[in-house]
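The values are calculated or read from the model by the stated rules, or taken from the named source; none is laboratory data. Values in this document were obtained by computation on a predicted structure and should not be read as measured data. Methodologically, a virtual Cβ is constructed for each residue, glycine included, from the backbone with ideal geometry; neighbour enumeration extends over all protein chains shown. Keep in mind that these areas ignore ligands, DNA and RNA; they rest on the heavy atoms of the full protein, side chains included. Shrake-Rupley method; radii C 1.70, N 1.55, O 1.52, S 1.80 Å.
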Amino acid sequence: MDKLIIEGGAKLRGEVTVSGAKNAVLPILAATLLTDDACIIKGVPDLLDTNTMIKILSSLGKNVDVENGVISVTAAKSGNFVADYKLVSTMRASFCVLGPLLGKLKKAKVSLPGGCIIGVRPVDLHLKGIKALGANVDIDSGYVVAKADRLKGGHIYLGGAYGSSVLATDNVMMAAVLANGKTIIESAACEPEVVDLAEFLIKMGAKIKGHGTPIIEIEGVKHLHGATHTIIPDRIEAGTFLVAALITRGDIHIKNVFFQHLGALIDKLQEAGAAITKKDGSVRVRYQRPFKAINVTTLPYPGFPTDMQAQIMALMSVTSGISVITEKIYPDRFMHVAELNRMGAHIQREGPHAIVEGVKGLSGAPVMASDLRASACLLLAGLAAHGKSTVSRIYHLERGYEDMEEKLKKLGANIRREKE
């Protein structure tokens with residue numbers, strides 16, 4: 001395993017280009033299972049998670065070619081319907097092969113993904129959705145086994161204890177596009193990544209309306225064909241660079257950005273005092289005084305994204321005043337609090353709330369990443385800290401950020417990679 005060594009204190013300046021969205025490309029790659037025709041996906045980020053999904057597609061009978069961010073997927077042999085535990089267990093998003101396998105092959109055997117460090121995330125909504133489409137579902141030795149002679153459209157409510165589920169919406173939508181009749185998904189996730197998947201499915205011949213709203217209507221078709229699609233920019237990567245500019249008191253021009261996907265985050269950063277301007281698919285962010293503490297509550301899209309909670313906490317830890325950060329999506333997603341406190345932050349957790357008392361500065365320290373967004377949080381903290389920080393277990397970072405180390409270097413960060 002590798003670690004990152006960061007000498008903090010440099011003000012980040014310059015231009016950076018955002019890669020394709022991790023949370024869009026994974027279900028879109030899974031959707032290629034719905035056809036035997038060739039599909040070409042452009043703007044694909046080179047990530048550990050992307051490579052895992054490629055391995056899963058290969059194990060399910062697809063021929064996958066990768067070149068310069070373009071993935072070509074074709075059918076290599078008769079489709080396998082078993083998604084093995086060894087692959088699914090490494091990445092929760094791989095569970096989204098359940099819907100397309102069931103829709104295309106009328107049967108699927110997919111390993112349960114299990115919990116993760118940010119809290120247990122059950123698959124009950126996924127199973128509720130495919131059962132409503134007429135599938136018989138059993139749990140056998142850690143696998144979900146689903147079968148249906150022909151899926152039938154249904155009326156499905158996908159609201160959960162903490163709001164809508166992106167992955168469950170993806171799974172049910174992909175199963176429903178080949179079902180007989182109309183499917184209505186209520187309390188569907190509205191995230192841009194769900195919309196991107198729907199747009200790809202429509203290019204394949206699916207009939208979908210309402211994507212991007214809480215009610216999605218799908219009229220099933222008999223078959224889908226191949227399509228070419230370009231992945232949307234990663235709004236969480238863009239958001240992470242917005243925070244990177246502010247936490248280092250810098251000035252960054254971020255290119256390949258869909259400004260409309262960042263509304264809640266930009267609103268909060270402007271409330272804190274950031275200077276943010278947009279122009280033709282790009283955003284410029286500058287630190288300016290006075291900069292003040294803000295309160296943040298994570299909510300389903302278009303609310304403040306849970307995937308930016310850790311990064312905003314790092315920023316508030318060095319912002320004068322007291323901030324309250326409330327996590328309403330994954331209440332246990334606070335593993336980064338202890339590591340930030342090791343660097344000199346003053347953060348106290350109270351249930352789903354983190355009370356952050358800003359300090360004048362952080363001190364470099366050895367810290368350990370526990371998950372993808374926590375790794376970004378600790379990286380940002382290291383960039384702002386006085387002295388040297390060591391971030392271990394950076395494979396978490398590589399799951400969701402393409403070339404993050406090199407991009408930061410080009411902005412002036414003093415950062416290097418070493419073996420653990």
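Things to note:
- Pairs, first under 17 Å from T32 (Cα atoms) in region 217-244, second aromatic (F, W, Y) and not in a loop (DSSP other than H, G, I, E, B), C-beta under 7 Å, six or more apart: A227/F200; H229/F200
- For region 250-273, the tally of residues that are touching a residue at least 12 places away in the same chain (Cβ under 8 Å), open to solvent by 10 Å² or more (accessible area, probe 1.4 Å) and over 17 Å from D196 (Cα atoms) stands at 8.
- Being surrounded by 16 or more Cβ atoms within 10 Å (Cβ to Cβ), on the phi > 0 side of the Ramachandran plot and at pLDDT 95 or above is a property that G154 lacks.
- Of the residues making up region 57-64, none is open to solvent by 10 Å² or more (accessible area, probe 1.4 Å) and out of contact with any strand residue (DSSP E or B) (no Cβ under 8 Å at 6 or more places or on another chain).
- Of the residues making up region 210-249, those that are within 18 Å of K152 (Cα to Cα) and either surrounded by 17 or more Cβ atoms within 10 Å (Cβ to Cβ) or of a type outside the set (A, V, I, L, M, F, W, C) (or both) are I216, E217, I218, E219, G220, K222, H223, L224.
- Any hit, region 99-111, residues being without any contact (Cβ under 8 Å) to a residue 24 or more places away in the chain and more than 30 Å from T306 (Cα to Cα): no
- Selection within region 84-109: residues that are more than 21 Å from the chain's Cα centre (by Cα) and open to solvent by less than 50 Å² (accessible area, probe 1.4 Å). The member of this set that is nearest to G142 (Cα to Cα) is A108.
- Taken across region 4-15, residues that are more than 25 Å from V257 (Cα to Cα), crowded, with 18+ Cβ neighbours inside 10 Å and not small (G, A, S) do occur, with at least one present.
- Strands (runs of 3 or more DSSP E) fully within region 234-342 that include at least 2 residues being among the polar types (S, T, N, Q): 322-326.
- Of the residues making up region 1-36, just one is touching a Cys at 6+ places or on another chain (Cβ under 7 Å) and of a type in the set (G, A, S), namely A30.
- The listed residues are I54, I28, and the only one of them that is among the hydrophobic types (A, V, I, L, M, F, W, C), open to solvent by 10 Å² or more (accessible area, probe 1.4 Å), closer than 16 Å to G400 by Cβ and in contact (Cβ under 8 Å) with a residue 12 or more places away in the chain turns out to be I54.
Rundown of residues vs (1) open to solvent by 20 Å² or more (accessible area, probe 1.4 Å); (2) assigned to a loop (DSSP other than H, G, I, E, B), yes/no style:
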{"site": "R150", "(1), (2)": "yes, yes"}
{"site": "D170", "(1), (2)": "no, no"}
{"site": "A175", "(1), (2)": "no, no"}
{"site": "I184", "(1), (2)": "yes, no"}
{"site": "A189", "(1), (2)": "no, yes"}
{"site": "L197", "(1), (2)": "no, no"}
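- Consider region 385-420 and keep the residues that are among the hydroxyl-bearing types (S, T, Y) and assigned to a strand (DSSP E or B). The one that is least open to solvent (accessible area, probe 1.4 Å) is S389.
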